[in-house]
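Q: Pasting a structure below so you can have a look.
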Amino acid sequence: MRLHILGICGTFMGGVAALACELGHAVEGSDANVYPPMSDQLEALGITLMSGYTAEHLQPGPAHERPDLVVVGNAMTRGNPAVEYMLDQGLRYISGPQWLGEAVLSGRSVLAVAGTHGKTTTSSLLAHLLDSAGMKPGFLIGGVPGNFGASARLGQGGPFVIEADEYDTAFFDKRSKFVHYRPRIAILNNLEYDHADIFPDVAAIQRQFHHLVRTVPGNGRLIVNAHDERLAEVLAMGCWTPVETFGIGCGHWQARLIDADGSAFTVHRGAERIGDVHWPLLGNHSVMNALAALAAATAAGADPVALLPAFASFESVKRRMELVGEVNGVRVYDDFAHHPTAIATTLAGLRAKVGAARILVALEPRSNSMRQGAHADALAPSLADADAVVFLHRPALPWDAHRVTDALGGRGSTVPDVDVLIATLRALAQPGDQVVFMSNGGFENAPRRFVEALRTHG
């Protein structure tokens, strides 16, 4: 079958494309932004990429045939020329999540990882643990796991790990993506207000999470954050599946910190001591991700004691506190944090590791919720562990970023563009500093440009 994927360079849709290729389909796709690393990954698979969303991409021509099926990403809207042509011509179309559910996940033992934070890291870790247990899982993850080097693979017929996003499915299907996945085991990692462009309030998100809970069978398992009251409220709406909880010092699965930065901890399951974990990640949020992944892998049939050594070899996902360079004693990280809670927990983990060393933060409000100002009041408190914050306040930002930087007590400043941001940080940076770039967008490659500026100008 010939598939044309609209929005192919997004991390999710790029993974769909890779899986479709592995299934033997002829795959091509369009995107407004065809650029690395996803474009490189797709082109290596022999996928034809087309820039922009024009009707011609869906028409037969010298370079391509008319598609048998159009797979529509959730960034597509009415008014998009390709979408309008698809509808006018009566082409067969389907959303990415529905295609995945029907073509890949049907008949598989699906492990879904849901939550406001930690989905990508937890999914990657879960796939790594299952792989270390010899289960050869398939997966689709919204990033590139370091242990696998690709965002998706079919695996060999057993478990399939899917990052289960609560964002809406498509312009014609406003349910959350994860309702299409029908997992046997589901991790509910945490639940906070986010996606202000989709959800009016946290209750609307809770309702979607309950839709997911309704799809998990009675002989499956729910792995649930024991600290999260909003998830408890979701389960109170109705639950028909055995629940195992996890937490630091509470829950069925418990962690007790050995090192304050979260790089070493002991795992207990009820009264049983499972053993110690020593690994390269930091922060209490990472410990929670580890507990969730371990509990889910155990529910899938793995031996938890035998899994513990695999934590040491876990290579985190790109852009999750990724060290991109160290120049003259200045360490530079690229991080995907895009919510105040993620910012706070990430910086707390770094602070526990580096002690009194200075932490400088470059922050781009890139997510829809950030751009709309939904988290503006929580941003300054989330930056408590930063010694200095440079806030990218682009002219198009519809709210005044000074409400954040003014609340930082002289630790914050705003800049209008990335060039000024890099120059400002270069003037601030001193040997021993930790510089963290935080954005869920491309950030105009600012972290690596900053490393190069340090190398060139000192």
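Computed from the coordinates by the stated procedures, all read-outs in this text should not be read as laboratory data. Predicted, not measured: the structure shown is a model, and the values here were computed from it. All Cβ positions, even for glycine, are placed from backbone atoms using ideal geometry, and neighbour counts span all protein chains on display.
Q: Taking 10 °C and 1.306 mPa s as the conditions, I'd like the Stokes-Einstein D for segment 200-326 in µm²/s, using the Kirkwood hydrodynamic radius from alpha carbon pairs.
A: 100
Q: Per residue of segment 169-181, in order, report the coupling 6.51 cos²θ - 1.76 cosθ + 1.60 (Karplus, θ = phi - 60°) as ³J(HN,Hα) in whole Hz, putting x for Gly and Pro.
A: 7, 6, 5, 9, 8, 8, 6, 5, 3, 5, 5, 7, 9
Q: Still on this structure, please answer the following. Indicate the gyration tensor shape class of segment 169-214 (rounded, prolate or oblate), computed on the Cα atoms with a ≥ b ≥ c the square roots of the eigenvalues: a/c under 1.5 is rounded; otherwise a/b larger than b/c is prolate and the rest oblate.
A: Judged from the Cα gyration tensor, segment 169-214 comes out oblate (a/c at least 1.5, b/c at or above a/b).
Q: I want to check a number: in the chain, how many lysine pairs have alpha carbons closer than 25 Å, given a sequence separation of 8 or more or different chains?
A: Total qualifying Lys-Lys pairs in the chain comes to 9.
Q: Do the sum for the chain: with -39,500 (n - 2.57) for every DSSP H run of n ≥ 4, divided by all residues, what is the mean residue ellipticity at 222 nm, to the nearest 500 deg cm²/dmol?
A: -9000 deg cm²/dmol
Q: Additional query: Rank-order 316-329, 122-135 by packing density, defined as the average count of other C-beta atoms within 10 Å over each peptide's residues, highest first.
A: 122-135, 316-329
Q: While we're on this one: By the scheme Lys and Arg +1, Asp and Glu -1, what is the net charge of all other residues having a beta-carbon under 15 Å from that of D385?
A: Local net charge: 0.
Q: Next question. How large is log10 of I(q)/I(0) for segment 2-96 at q = 0.13, 0.14, 0.15 Å⁻¹ when the intensity is taken from the Debye formula with one equal scatterer per alpha-carbon?
A: Taken in order of the listed q values, log10 I(q)/I(0) reads -0.36, -0.42, -0.48.
Q: If the viscosity is 1.002 mPa s and the temperature 20 °C, what Stokes-Einstein diffusion coefficient in µm²/s follows for the chain when Rh is the Kirkwood radius over Cα pairs?
A: 93
Q: Nothing charged except the Cβ atoms of Lys and Arg (+1) and of Asp and Glu (-1): what's the magnitude of the dipole of segment 107-313 about its Cα centre? Round to the nearest 20 debye.
A: About 720 debye.
Q: Oh, and also: By its C-alpha gyration tensor, with a ≥ b ≥ c as the square roots of the eigenvalues, how is segment 165-252 shaped: rounded for a/c under 1.5, else prolate for a/b larger than b/c, else oblate?
A: Judged from the Cα gyration tensor, segment 165-252 comes out oblate (a/c at least 1.5, b/c at or above a/b).
Q: With just the Cα atoms defining each centre, how far is segment 433-458 from segment 133-173? Give it in Å.
A: Between the Cα centre of segment 433-458 and that of segment 133-173, the gap is 29 Å.
Q: Continuing with the same structure: Antiparallel versus total DSSP beta bridges in the chain: what percent is that, nearest 5?
A: Taking every DSSP beta bridge within the chain, about 25 percent pair in antiparallel fashion.
Q: Quick one: if you stick a label point 7 Å off each Cα along the C-beta vector at A260 and R78, how many nm between them?
A: Placing both labels 7 Å beyond Cα along the Cβ direction yields 5.6 nm.
Q: Something else about it: Working out 0.36 nm times the residue gap between A396 and L323, then minus their Cα-Cα distance, what length gain in nm do you get to one decimal?
A: 23.3 nm
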